[in-house]
Amino acid sequence: MIGMFSSADLPKAIPVFPLPGALLLPRARLPLNIFEPRYLAMLDDTLKTPHRLIGMVQPRQVPGGDAKKLHAIGCAGRVTAFSETEDGRYMITLSGISRYRIRQEVSGFCPYLRADVSWAGFDRDLGHAEQDNGFDRACFMDLLRRYFHDRSLSTDWESLKAADDELLINSLSMLCPFAPEDKQALLEAPTLTNRRETLSTLLEFALRGGNNEEMMQ
């Protein structure tokens, strides 16, 4: 995916897909099962564009009401694989390209959301994989083993050991069962080191039995 896009290639408006807890990060891959009619329409329209970008974004619950709004920052992915099931669903893979900031939602006649977005401030997303020079992998893997044991989760530990820093940290950020607001914090981390520190904090907090309300205070 590196080199496919420059900042000048990125469109000013993209379709946005609000999906609680579904995190996409640059240079990572997110499989999705598309079945709602409006999102089937979104995918059909996206496949007709040269960039094939869909913006993943977290909905945000508005305090004191039932209305849901969107977080300002999401991550756009290019549709790099798709297949259709016999019952009309699409199985697709989004490959993360760049984070973006929503300027405003675009009104129109399509059944799904579109937004004007800014890509400014996310130049590192279009570059090479980031390194985490202060990463104590042995300490982190010990923390991760305790978390997985506590949550009765299983994984391919050999693959995790072999993964480079960015793949390891971003994959765990996407896959661990954190709350949507925690996923948003991982998305908004400016650097890979910041994301690793946030991830470690979330793992440690979960092991101490804390809840999201306590962590937000």
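Things to note:
Okay, residues lined up against (1) more than 20 Å from L47 (Cα to Cα); (2) modelled with pLDDT of 90 or more; (3) outside any strand (DSSP E or B):
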residue: P63; (1), (2), (3): yes, no, yes
residue: K69; (1), (2), (3): yes, no, no
residue: G77; (1), (2), (3): no, yes, no
residue: A81; (1), (2), (3): no, yes, no
residue: G88; (1), (2), (3): no, no, yes
residue: T93; (1), (2), (3): no, yes, no
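- Residue count for segment 27-48, restricted to those that are loosely packed, with under 14 Cβ neighbours inside 10 Å and part of a loop (DSSP other than H, G, I, E, B): 4
- Matching residues, segment 95-115, being among the small types (G, A, S) and at pLDDT 95 or above: S95, G96, S98, A115
- Among residues of segment 184-209 that are of a type in the set (K, R), those with a Cβ under 6 angstrom from a residue that is outside any helix (DSSP H, G or I) and modelled with pLDDT of 95 or more, sequence gap 6+ or separate chain, pair up as R195/A189.
- Which numbered condition L143 fails, given (1) more than 27 Å from S6 (Cα to Cα); (2) at pLDDT 95 or above; (3) not assigned by TED's automatic domain parsing to the domain that holds T193: (3)
- Of the residues making up segment 105-141, those that are surrounded by 13 or more Cβ atoms within 10 Å (Cβ to Cβ) and among the acidic types (D, E) are E105, D116, D125, E130, D132.
- Filtered residue count, segment 14-26, keeping only those that are in a loop (DSSP other than H, G, I, E, B) and at pLDDT 95 or above: 4
The values are calculated or read from the model by the stated rules, or taken from the named source; none is laboratory data. All figures in this text were calculated on a predicted structure; none of them were measured in a lab. Backbone-built Cβ (ideal geometry, glycine too); neighbour counts: all protein chains shown.
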